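Computed from the coordinates by the stated procedures, all read-outs in this text should not be read as laboratory data. These numbers come from a predicted model, not from an experiment. Note that each Cβ is placed from the backbone with ideal geometry, even for glycine, and that neighbours are counted across all protein chains shown.
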There are 2 protein chains.
Amino acid sequence: MTHISTDLTTAYAELVARGLSLDLTRGKPSPSQLDLSNAMLGLPGDGDYRDAAGTDLRNYGGPDGLPELRAIMGELLGIPTDQLLALDTTSLPLMHEVLVAALLTGVPHGDGPWRNVEGVSFLCPVPGYDRHFAICEALGIRMIAVPFTDTGLDLDTIRSLVANDPSIRGMWTVPMYSNPTGYSLTVEEVEALVAMPTAADDFRIMWDNAYAVHHLTDDPDPVIDVLGLAAAAGHPDRPIVFASTSKVTFAGGGVGFVGGSPANIAWIRKHWSARTIGPDKLNQLRHVRFFGDAAGVVAHMAKHRALLEPQFEAVLQILEERLRGVASWTRPRGGYFISLDAGDGVATRAIALAKEAGILVTAAGAPFPYGDDPRDSTIRLAPSFPSLDELRAGIDGLCTCVLLAQQERAAAAE
Amino acid sequence: MTHISTDLTTAYAELVARGLSLDLTRGKPSPSQLDLSNAMLGLPGDGDYRDAAGTDLRNYGGPDGLPELRAIMGELLGIPTDQLLALDTTSLPLMHEVLVAALLTGVPHGDGPWRNVEGVSFLCPVPGYDRHFAICEALGIRMIAVPFTDTGLDLDTIRSLVANDPSIRGMWTVPMYSNPTGYSLTVEEVEALVAMPTAADDFRIMWDNAYAVHHLTDDPDPVIDVLGLAAAAGHPDRPIVFASTSKVTFAGGGVGFVGGSPANIAWIRKHWSARTIGPDKLNQLRHVRFFGDAAGVVAHMAKHRALLEPQFEAVLQILEERLRGVASWTRPRGGYFISLDAGDGVATRAIALAKEAGILVTAAGAPFPYGDDPRDSTIRLAPSFPSLDELRAGIDGLCTCVLLAQQERAAAAE
C-alpha cells in the first residue's frame, strides 16, 4: 500500500501556515512591463493629431484604422496594409464580432448565415485559450476538442473531421507560442491546414496570432505567411488573422487588428460600417509615435523579454527540481504560458489544495471547451505578473500541491 | 402656366459657375470645437495611470469602465453609477451590440432570442437618425416608420401598433434635440412611452441620449429620468440608455456609455464578458482628468455652444430670408441638426441640383428607414463643421436649389 509521505503532508501544512496570497491565474503583463510604455501616457501630445496624409484624427472617419500603424503591424505580421484593419482596442471583440457576422450574415463565398447551420461547430485544439471557448459558448457554436499529440497538431483527426462534417465551419488556433502550451505551428502544419479539403466550403481558421512578436529566445520562431499559403492552396479566404498590442503596450489601452483576404476584409469592412463610424485613431497615433516603426516594436519587445525570461526560467527551474520524473511541462520559446501536465486526475485536486494555501492558479479545465479536461491533468501557469519572489513561492507551493494530489490519488487507487 | 423664373435660372447658373466645393453632409464637430479638447492629447501624462481606488488602469480588467467617469456622466444623465457602464469609445457599437445580444440570446424577461421572432420589428419615429436605421437593416430587423406630428410623437399610432403586434420588439428614440429635427420629448411623452401596454413583454426603447448636454440656449431642455419613470410605470427594463462624448471631446477618441435597469445591466455585463476583458480605461482616465467633474463638462459644453450658436443662427437667418412662406424648418434648442421641409417631391431634386453646384448635403431619404422619404421633402442640415463663410455660401446655394426644384415641380404639375 502506498502511504502519503509524511514529509509532503508536513510541507503542505507549512505551506498553508505561511498564509500566502498569490494570484497566478491570468497572463497579465507585470507593472514593470507596463512601465516600459509609460511614455505613451503623454502621447501624442497637444497639437499632434494628424496622420501622414494630414487627416484630423480627432474627428469621425477613417473606419479602417490609421494606415501608418497598420503598416507597422503589417510588416511584423507579413500582411499588406490594405489587408490589415485596426478596428478596436483589443483583438478579442474583433474575434467575437467576426463570428457574430458569420452567424448573422454568413461569410464570403458561403452558403448563408451560420445561425441556420444545424449544430454549427468549431474545432478546438486542446489545451487552448479559454476566452476563445467562451466566445463559442456564448454564441452557441458547438466545440469539438482535438488534443495536441506529442509532436504537434493531430492533423489526421482534424483532416478527417473537417472532410466529413459540413457543420464544422471553423477552427481556433494560436499559431505562435500558443496559449497555454507555447507550441508554434510548423510550416508543414500551416500548409496542411490551409490546403485540407473541407466539407463546408466556407470553413474559416480563426488565426489568433497574439504572440507574434513575443519571443523569449535569440532565435525567434518565424511568422508564417498564412494568407499567402492559403491563397497558394486555393483557399485565400480560409484564415482570418488577429493580433493585438495588449501585451506590447498597455493591456487596457492598446490596438486590435484583423487581417485577411481581400474578400474577407471587404466583408468585415461592410459589417463594421453598420456598427461604427471609426475606431479610436488618436490611440493608434499614440502607438505610431511611441513605436516609430516596426524596428521600434522589435526593440521594445526585447525589453519585455528581458523582464519575462527570468520569470519563465524561475518556473522551469522549480518544476525541474520538484517534479522531474513525476510530471511534464512545456518549455516555451515565447508567449505567456507554461502548460503543466500534472498527471491523470491530479489537476483539480492540486489546484484546490493550492487555493487552500492562498495560491490561485487558472481553474482546472479552463484550457478546454466547456471546462472539461478529460484527463484532469492540465494546469496553466502564467509566469508574467507576480514578482520573482512571489512567483517562486507560488510555483514551489503548487509543486507541493501537485505531489500531494498525486500521492492521494495513488493511495486511493490501491 | 407657371414659368420657371429667369431670375432663379440665372442665380443657379451663377451658383454652378462659382465652382463651390462644400460638404454639409455629416454632423461633425468643427476643428475649432475639437481644439477645445486639445489639452487631452497629452493626458493623463507619464506616471498617471491609477484610478481613485488605486487600480492600475494600464492592465486588463475593470470591465464596467472607470467608476469616476461613470459617476460624472451618471450625474449629467441622472443615472446611478452602477447602472451606467462605459464600454467602448463611441455609443453606436454599443447599440449594435445590444441588438446583437437581443437577437442571439434574447433580453431579460423575454421569451427567447429575437432571431426566432418572425418579422422582428422596430418602430422608427421619422425623420430620424440614419445610423440607427442602418443597424436595423444590417441585422435584419424590420423598420416601421412613424412620422412625427406637428406637435411631437404620434403617440396614438405608436400605442396602437405596439399594443397589437408582438413582432414589434422595440423603438428608436433620440430623446433630446433629436437628429435631425431638434425635437425634445416632453415628460408626458416619456411617461406614455414607458407606460403603454405592449403585445411583446420584452419591448425595448433604444434611448439614444446623444445630445443630453449639447444645449444651444440659456434655458436647456431637461434630462428626463426615463429609468425612474419606467420603473414607476412597472416597466423598469423597457429603456436602454446610450450616451457618448463624441461631440463633447473627440469624435475619434471618446467614450460610449450604456445605462439601464439592474436586470438590463447584468445582461449587458454578461454578454460583454464573453467578448472583452475590458474597455480602454486609460482613455476614460484621460476624460476624468480633463473634465474634473460634471460641472467641468457643463463648462466645456458652454464653449461648444459659443462656437455652434452662430452657425445655427446663420442657417436660420438665410432660411428665413430665402424660403419664408415656401418651406418650413425646425429651430433646435440644442443638438447638431436642422430639418428642412422643402415641400412634397422637392428634396431629391434640390439635393441633386446642389451636388451639381458643388454643395453636398445629406442624401435625400437618409433620415428615413430604407432611405424612403414618402413625401420626398426632408433635407437634413448639419451646421457644425464648415466655416461660417462656407456654411453661408452652402445654405444660400441650397436655398436657390430648393426654390428651383419647387418651381420645376410646379411647372411639371401643370
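A few notes on this one:
- Amide proton proximity set for residue A:385, modelled H, under 5 Å, gap of 5+: A:28
- Counting Cβ atoms of other protein chains within 10 Å of each Cβ in A:269-276 and taking the mean gives 6.
- Gaussian network model of chain A, springs between alpha carbon atoms under 10 Å - residue of A:131, A:238, A:324 with greatest fluctuation: A:324
- Each other copy holds its own label point for residue A:160; taking that point as 7 Å from Cα along Cα to Cβ, the gaps run 6.5 nm, nearest first.
- Chain A, relative contact order [Cα under 8 Å, separation at least 6], %: 27
- Taking only the C-alpha atoms of the range A:62-162, Rg followed by Dmax gives 16.3, 46 Å.
- Shape call, the range A:332-414: gyration tensor on alpha carbons, a/c limit 1.5: oblate
- Across the identical copies, the 7 Å label point of residue A:39, projected outward along Cα→Cβ, sits 2.6 nm from its counterparts, in ascending order.
- Scaled against 2.2 N^0.38 Å for its residue count N, the alpha carbon radius of gyration of the range B:19-108 is 1.48.
- Mean projected area of the convex hull spanned by the Cα atoms of the range A:197-254, taken over all viewing directions: 5.4 nm².
- Antiparallel DSSP beta bridges within chain B, as percent of all bridges there, nearest 5: 45
- Once the Cβ-Cβ distance of residue B:302 and residue A:309 is raised to the sixth power relative to R0 = 45 Å, the FRET efficiency obtained is 0.25.
- Overall shape: oblate for chain B, with the ratio a/c of the largest to smallest alpha carbon gyration tensor axis at 1.5 or above and b/c at least equal to a/b.
- Taking every DSSP bridge with both residues inside the protein assembly as shown, close to 45 percent are antiparallel.
- FRET efficiency estimate (nearest 0.05) - Cβ-Cβ, residue B:137 to residue B:324, R0 25 angstrom: 0.10
- For the range A:212-218, Karplus couplings with θ = phi - 60° (6.51, -1.76, 1.60), whole Hz, Gly/Pro x: 4, 10, 9, 7, 10, 9, 6
- Listed residue (A:172, A:133, A:59) projecting farthest to the positive dipole end of the range A:52-292, Cβ model: A:59
- Distances between equivalent label points of residue B:355 across the copies, with each point positioned 7 Å along Cα→Cβ, amount to 6.2 nm, shortest listed first.
- Ordering B:102, B:157, B:394 by Cα displacement along the dipole of chain B toward the positive end leaves B:102 in first place; charges were set at the Cβ atoms of Lys, Arg (+1) and Asp, Glu (-1).
- For the range A:234-356, the spread of Cα coordinates along the three principal axes comes to 54, 36, 33 Å, biggest extent given first.
- Square roots of 5 times each gyration tensor eigenvalue, C-alpha, the range A:164-296, largest first, Å: 27, 21, 12
- Reducing the range A:146-191 and the range B:309-342 to their Cα centroids gives an inter-centroid distance of 62 Å.
- Listed from fewest to most Cβ neighbours within 10 Å, the set B:329, A:172 follows the order B:329, A:172.
- Efficiency of FRET between residue A:109 and residue A:23 - r from beta-carbon atoms, R0 30 angstrom, step 0.05: 0.10
- Positive-end residue of A:258, B:40, A:241, charge dipole of the protein assembly as shown with Cβ unit charges: B:40
- Dipole check for the protein assembly as shown: with +1 at the C-beta of Lys and Arg, -1 at the C-beta of Asp and Glu, and the Cα centre as origin, the magnitude is about 340 Debye.
- Over the C-alpha trace of the protein assembly as shown, radius of gyration and Dmax come out as 29.3, 114 angstrom.
- Cα-based shape type of the range B:105-168, given that a ≥ b ≥ c are square roots of the gyration tensor eigenvalues and the cut on a/c is 1.5: oblate
- Basic side chains Lys and Arg get +1 at the Cβ, acidic Asp and Glu get -1 at the Cβ, and with that the dipole of the range B:52-292 about its Cα centre reaches some 960 debye.
- Gaussian network model of chain B, Cα within-10 Å springs - most flexible of B:91, B:121, B:328: B:328
- Taking Cα atoms only, the orientation of helix B:294-323 departs from the longest principal axis of chain B by about 20 degrees.
- Per-residue shielding of B:90-98, expressed as the average number of other chain Cβ atoms within 10 Å of the residue Cβ, stands at 4.
- Among the listed pairs A:281/B:270; A:303/A:355; A:247/A:281; B:28/B:270; B:28/B:303, those beyond 25 Å (Cα-Cα): A:281/B:270; A:303/A:355; B:28/B:270
- Globularity index of the range A:52-292, i.e. its alpha-carbon radius of gyration over 2.2 N^0.38 Å: 0.98
- Rounded to the nearest 20 debye, the dipole magnitude of the range A:1-154 is 320 debye, with +1 charges on Lys and Arg beta carbons, -1 on Asp and Glu beta carbons, and the Cα centre as origin.
- Computed on the range B:52-292, with alpha-carbon pairs under 8 angstrom and 6+ residues apart, the relative contact order is 29 percent.
- Centroid-to-centroid separation of the range B:43-106 and the range A:368-414 [C-alpha atoms, Å]: 35
- Average beta carbon contacts from partner chains per residue of B:136-143, 10 Å cutoff: 2
- Residue by residue, the range B:339-356 carries 3J(HN,Hα) couplings of 9, 9, 9, 8, x, 4, x, 10, 4, 4, 5, 4, 5, 5, 4, 5, 4, 4 Hz when phi is fed to the Karplus relation 6.51 cos²θ - 1.76 cosθ + 1.60 (θ = phi - 60°); x denotes Gly or Pro.
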